[in-house]
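The structure appears right after this line, and notes come after that.
The values are calculated or read from the model by the stated rules, or taken from the named source; none is laboratory data. Note that this is a predicted model, so its numbers are computed, not measured. Because the Cβ atoms are built from the backbone with ideal geometry, glycine has one as well, and the counts that use them run over all protein chains shown.
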Amino acid sequence: MPKQLELSELLETLNKNFSVLFEKIDSLKELLTKKEIVDTPKVVISKELEKVEPMESTYPIPLEYRELVDKTLNKSFGVRVEPMTDALAFIFSIIVPDKYSNMPLAQKEVNKVDTRLKVISMAEGINGVREWAERVYKNFNLETQALIMADRIQNAA
């Protein structure tokens, strides 16, 4: 039969364990309340990143796709077409010039270029390209849309 502790021994054991527990809690509180001053590194964007030119596709771009992007957006926007090998589809990318880009700075540091891409099935073809160009245009705020339109009109003249 296990040894039965007397009430006083039980209370003494509990007090010891609680005092150890409270000491641990106090040390955690101290660690949490300490304020350490840390110098955060400053982000510097090199001039090279500012002048990244949109890449054109190495795959031939159908003339209708290029013209559609020129009419929906303007000629400043780059276009890239990459066929998919595992599906009857292609990746259609619209490369947004820095002038119109609304990409957050953190994302721009990673991606370097504002590229809007979509997988379009061969069945969608020109209609899929049209829908995607319109959606990219509608993604911009009204001021940027007006600037895109003004540049389109100016380049057409």
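Search region 111-157 for residues being of a type in the set (Gly, Ala, Ser) and exposed (fewer than 11 other Cβ atoms within 10 Å of the Cβ), and hand back the single one that is nearest to Pro62 (Cα to Cα).
To start, the set of residues in region 111-157 that are of a type in the set (Gly, Ala, Ser) comprises 121, 123, 125, 128, 133, 146, 150, 156-157.
So of that shortlist, the ones also exposed (fewer than 11 other Cβ atoms within 10 Å of the Cβ) come out as 123, 156-157.
Working: Ala123: 15, Ala156: 20, Ala157: 24 Å.
Filtering first and then ranking leaves Ala123.
From the list Val129, Val136, Val110, which one is assigned to a helix (DSSP H, G or I) and touching a helix residue (DSSP H, G or I) at 6+ places or on another chain (Cβ under 7 Å)?
Values: Val136 fails: touching a helix residue (DSSP H, G or I) at 6+ places or on another chain (Cβ under 7 Å); Val110 fails: touching a helix residue (DSSP H, G or I) at 6+ places or on another chain (Cβ under 7 Å).
Result of the check over Val129, Val136, Val110: Val129.
For region 72-91, name all the residues that are in a strand (DSSP E or B), surrounded by fewer than 20 Cβ atoms within 10 Å (Cβ to Cβ) and of a type in the set (A, V, I, L, M, F, W, C).
Within region 72-91, Val81, Ala89, Ile91 qualify.
Just to be sure before I move on: is Val44 modelled with pLDDT of 55 or more and either acidic (Asp, Glu) or in contact with an Asp or Glu (Cβ under 7 Å, 6 or more places away or on another chain) (or both) in the structure I sent?
So Val44 fails the test.
Counting only residues that are assigned to a loop (DSSP other than H, G, I, E, B) and touching a Leu at 6+ places or on another chain (Cβ under 9 Å), which one in region 92-105 is surrounded by the fewest Cβ atoms within 10 Å (Cβ to Cβ)? Before the answer, list the steps.
First, pick out the residues of region 92-105 that are assigned to a loop (DSSP other than H, G, I, E, B): 97-104.
Checking which are touching a Leu at 6+ places or on another chain (Cβ under 9 Å) leaves us with 99-100.
Details: Lys99: 10, Tyr100: 19.
Selected residue: Lys99.
Out of the residues in region 106-148 that are touching a residue at least 60 places away in the same chain (Cβ under 8 Å) and hydrophobic (A, V, I, L, M, F, W, C), state the one that is farthest from Val69 (Cα to Cα).
Taking the candidates together, the pick is Val113.
Just to be sure before I move on: is Thr72 farther than 26 Å from Tyr59 by Cα, touching a residue at least 24 places away in the same chain (Cβ under 8 Å) and β-branched (Val, Ile, Thr) in the structure I sent? Please lay out each step first, then the result.
Working: farther than 26 Å from Tyr59 by Cα: no; touching a residue at least 24 places away in the same chain (Cβ under 8 Å): yes; β-branched (Val, Ile, Thr): yes.
When the stated conditions are applied, Thr72 does not pass them.
Among the residues of region 86-94, are any modelled with pLDDT of 80 or more, under 25 Å from Leu147 (Cα atoms) and not polar (S, T, N, Q)? If you could, list the steps in order and put the result at the bottom.
The first filter runs over region 86-94 and keeps only residues modelled with pLDDT of 80 or more, leaving 86-94.
Checking which are under 25 Å from Leu147 (Cα atoms) leaves us with 92-94.
Going one step further and asking which of them are not polar (S, T, N, Q), we end up with 92, 94.
So far as region 86-94 goes, yes, one or more of its residues are modelled with pLDDT of 80 or more, under 25 Å from Leu147 (Cα atoms) and not polar (S, T, N, Q).
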